[in-house]
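To start, the structure under review is shown below, and the notes come after it.
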Amino acid sequence: MRKFIPTKPIEGQKPGTSGLRKKTRVFQQPGYLENFIQSVWNGIGGVGGKTLVIGGDGRFFNEQAIQTVLAMAAASGARHAIVGQNGLLSTPAASHLIRLRKADGGIILSASHNPGGENGDFGVKYNVANGGPAPEDVTARIFEATQTIEHYDILRAPPVDLSVLGETALGAMTIEIVDPVRDYAALMEQLFDFAKIRALFQSGFTMRFDAMHAVTGPYATAILEDTLGAAPGTVLNGVPSPDFGGGHPDPNPIWAKELMELMHRADAPDLGAASDGDGDRNMIVGRNCYVTPSDSLAVLAANAGLIPAFAVGLGGVARSMPTSQAVDRVAEAQGLRCFETPTGWKFFGNLLDADMASLCGEESAGTGSNHVREKDGLWAVLAWLNILAEKRCSVAELMQAHWAEYGRNYYSRHDYEAVDSAAASDLIAALRARLADLPGTHVQGLSVLKADEFGYTDPIDGSRSEGQGLRIWLSGGGRMVFRLSGTGTEGATLRVYLERLETDPDKFGDDPQQALADIIAAADQLAGIRDRTGRSAPDVRT
Ligand code: G6P
Ligand code: ZN
């Protein structure tokens, strides 16, 4: 039975860098999810007659939320819903399904790398027909709809059994429950040289993939162990759990600590890798050799010719603005177009659609290509495996050779989390006000060459995005960037991105925090981080 439920706007339902992300308890409030979903329908001109892909990363509240989304899609006249079995779909797999099945869009339930559980976070992302995150004009219309909503429609019906593969119906809408892994795994097989990777494992190459109790477990087990012949036990923490085993499913050296420790032992495997809650992020680490996401992008660009999917060459490369300029150096050497976009994968969508870029990456552990319209954790791992299968060298040797050719962009991001929101925006405002006066001044023995606030004009649709971060360039190849995160759920997160180019091969082996010490001190002095936030050190250094 279709129900018309009167409601009122709920404050704060503004999608951020990656959908609407809030504390799980906020989403559990009566009508909260319903208001937002109805606003998605309203913002996109309705779902009548449409086909949607629906799935999530399996976190607490995933299945309940999917039932609500299905009941609301059916009530609003959607024609067909394609749902991952047990409500599971990694973000890249959902993106692929939208494209493969020519769906009109999709709803992905995830708060990505944020912890899950009743006290954790939950999120909703809407993806459009190209498989990518909704662009800004769409999220703006959704947000507008949240502010004017007066009612929502929902079907009152028993929950759909999400565990049984095949077709079922909800009202007039058909529902197809699909294997979340199958189509994705088939796509990977088209992109990479599976025979070469199989041979690599046969030769004794060892790896550990930490699925962090999140959605990539089943994908990694099927692809790495069952198809490519990696030894059983290669996949760690491979069973998705609603609270990610109580952990923080973010693949970086801090949260993937166990894997990092393993990679520093004498008996470390050849390759370590990890992915996040919804499977779009990745971490790559060799024996005693952590690869920053920015370097990983540069290495993939430099060696793209070894990957079958890129045999025809790259259409171009793109990175988010705060990502290090390592890939720019590769692009320059190889005569490739290189784009700099605001933070957020959605900004790569038009470039990928137009084939102006075919490889993209972000410092926030995101790497991907034109095979889907999201970043893709396992894809990045397979790309590395494909390159190592061809090169037959260690990760450390590959990095050394890369730096020797292009120089090393030392890089680190310092995060100050849950900072008082007003203090954080004051810090940015004060620095913004001084930007024009900075060039020519000196700080910590470095001179400021240039300073600006990043804005982006999309080269395809001409849309403009302002206020995307403050950039300051320093003598000696240094750069610092300041911006506030768009994905936090508590107060504000100040991100300070620090970078310096080193071309002297004798200095490639330094600790990044040491190599960047001057720039770190300069950033604090310029922005008054300690004074304004009351913090003596960042919460996270990546
Ligand atoms: C998500 C987005 C990325 C973005 C990252 C950091 O993972 O998908 O595109 O780079 O969040 O965003 P933030 O606004 O928190 O720096
Ligand atoms: Zn994610």
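The values are calculated or read from the model by the stated rules, or taken from the named source; none is laboratory data. Quick caveat, the model's predicted, so the values are computed rather than measured. Heads up, the Cβs are rebuilt from the backbone with ideal geometry, glycines too, and the neighbour counts pull from every protein chain shown.
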Check 281, 265 and return the single one that is at pLDDT 95 or above, surrounded by fewer than 24 Cβ atoms within 10 Å (Cβ to Cβ) and closer than 30 Å to residue 204 by Cα. 265
Across the range 1-53, which residue is farthest from the chain's Cα centre (by Cα) among those that are surrounded by fewer than 14 Cβ atoms within 10 Å (Cβ to Cβ), in contact (Cβ under 8 Å) with a residue 60 or more places away in the chain and under 18 Å from residue 170 (Cα atoms)? 1
Scanning the range 131-176 residue by residue, those modelled with pLDDT of 95 or more, assigned to a loop (DSSP other than H, G, I, E, B) and within 24 Å of residue 112 (Cα to Cα) turn out to be 131, 162, 163
Answer from 218, 240 - the residue that is over 27 Å from residue 358 (Cβ atoms) and not in a helix (DSSP H, G or I): 240
Among residues belonging to the range 513-542 that are touching a Ser or Thr at 6+ places or on another chain (Cβ under 7 Å) and crowded, with 20+ Cβ neighbours inside 10 Å, point out the one that is nearest to residue 474 (Cα to Cα). 516
For the range 263-280, state whether one or more residues are within 16 Å of ligand 1 (Cβ to nearest atom) and assigned to a strand (DSSP E or B). yes
Can you name the strands (runs of 3 or more DSSP E) wholly within the range 11-119 that have at least 3 residues being within 16 Å of ligand 1 (Cβ to nearest atom) and either outside the structural domain of residue 342 (by TED's automatic domain parsing) or under 17 Å from residue 138 (Cβ atoms) (or both)? 20-23, 105-109
Being of a type outside the set (Asp, Glu), touching a residue at least 40 places away in the same chain (Cβ under 8 Å) and in a helix (DSSP H, G or I) is the requirement here; does residue 388 meet it? yes
Provide a single number: the residues in the range 96-115 that are more than 12 Å from ligand 2 (Cβ to nearest atom), crowded, with 24+ Cβ neighbours inside 10 Å and of a type in the set (Gly, Ala, Ser). 1
Check residue 407 against each of (1) farther than 30 Å from residue 356 by Cβ; (2) touching a helix residue (DSSP H, G or I) at 6+ places or on another chain (Cβ under 7 Å) and name the one condition it does not meet. (1)
Regarding the range 166-177, can at least one residue be identified that is away from ligand 2 (no atom under 16 Å from the Cβ) and touching a Pro at 6+ places or on another chain (Cβ under 7 Å)? no
Name the residue that is surrounded by the fewest Cβ atoms within 10 Å (Cβ to Cβ), counting only residues in the range 325-364 that are part of a strand (DSSP E or B) and within 16 Å of ligand 2 (Cβ to nearest atom). 362
Restricting attention to the range 365-378, and to residues there that are within 15 Å of ligand 1 (Cβ to nearest atom) and not in a strand (DSSP E or B), which single residue is farthest from the chain's Cα centre (by Cα)? 372
Can you find, within the range 489-509, the residue that is nearest to residue 449 (Cα to Cα) among those that are surrounded by 14 or more Cβ atoms within 10 Å (Cβ to Cβ) and acidic (Asp, Glu)? 499
If residue 438 satisfies every condition in (1) among the hydrophobic types (A, V, I, L, M, F, W, C); (2) closer than 30 Å to residue 297 by Cα; (3) in contact with a strand residue (DSSP E or B) (Cβ under 6 Å, 6 or more places away or on another chain); (4) more than 16 Å from ligand 1 (Cβ to nearest atom) but one, which is the exception? (2)
Take residue 67 and tell me if it is at pLDDT 95 or above and in contact with a helix residue (DSSP H, G or I) (Cβ under 8 Å, 6 or more places away or on another chain). no
Are any residues in the range 56-72 on the phi < 0 side of the Ramachandran plot and within 25 Å of the chain's Cα centre (by Cα), and if so, which ones? 56, 57, 59, 60, 62, 63, 64, 65, 66, 69
Could you tell me which of the residues 495, 471 is over 30 Å from residue 110 (Cα atoms), modelled with pLDDT of 95 or more and touching an Asp or Glu at 6+ places or on another chain (Cβ under 9 Å)? 471
Restricting attention to the range 464-480, which residues are part of a strand (DSSP E or B) and either surrounded by fewer than 23 Cβ atoms within 10 Å (Cβ to Cβ) or in contact with a helix residue (DSSP H, G or I) (Cβ under 6 Å, 6 or more places away or on another chain) (or both)? 464, 465, 470, 471, 473, 478, 479, 480
Would you be able to say whether some residue in the range 206-218 is at pLDDT 95 or above, at positive phi and under 18 Å from the mean Cα position of the chain (by Cα)? yes
Does residue 187 satisfy the criteria of being away from ligand 2 (no atom under 16 Å from the Cβ), closer than 16 Å to residue 280 by Cβ and out of contact with any strand residue (DSSP E or B) (no Cβ under 7 Å at 6 or more places or on another chain)? yes
In the range 286-324, how many residues are among the polar types (S, T, N, Q) and either surrounded by fewer than 23 Cβ atoms within 10 Å (Cβ to Cβ) or assigned to a helix (DSSP H, G or I) (or both)? 4
So which of 417, 397, 390, 363 is acidic (Asp, Glu), at pLDDT 95 or above and under 30 Å from residue 125 (Cα atoms)? 363
